[in-house]
1. Please sort by residue number the chymotrypsin sites (Phe, Trp or Tyr not before Pro) in the range 4-41 whose DSSP state is loop and whose Cβ has at most 13 other Cβ atoms within 10 Å.
2. For labels at Leu9 and Trp23 in the simple 7 Å Cα→Cβ model, what's the distance in nm?
3. Per DSSP H run of n ≥ 4, the term is -39500 (n - 2.57); total these for the chain, divide by its residue number, and report the mean residue ellipticity at 222 nm rounded to 500 deg cm²/dmol.
Amino acid sequence: MGDPGLSKLQFAPFSSALDVGFWHELTQKKLNEYRLDEAPK
């Protein structure tokens with residue numbers, strides 16, 4: 001069913017790492033600096 005010289009398409013499992021410091025700082029900026037402003041930053 002296809003060219004035997006071609007290999008099958010394979011996917012690597014998705015892995016992500018959370019950067020807690022980034023999300024904490026973003027939360028603080030949203031609460032204290034940006035507030036309800038939705039303009040791009």
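1. Phe11, Phe14
2. The answer from the label model is 3.1 nm.
3. About -7000 deg cm²/dmol.
The numbers here are math on the coordinates, done by the rules we state, and not lab data. It should be emphasised that the depicted structure is a prediction, and the values quoted were computed from it without experimental measurement. Cβ sites come from the backbone with ideal geometry, for glycine too, and all protein chains shown count toward neighbours.
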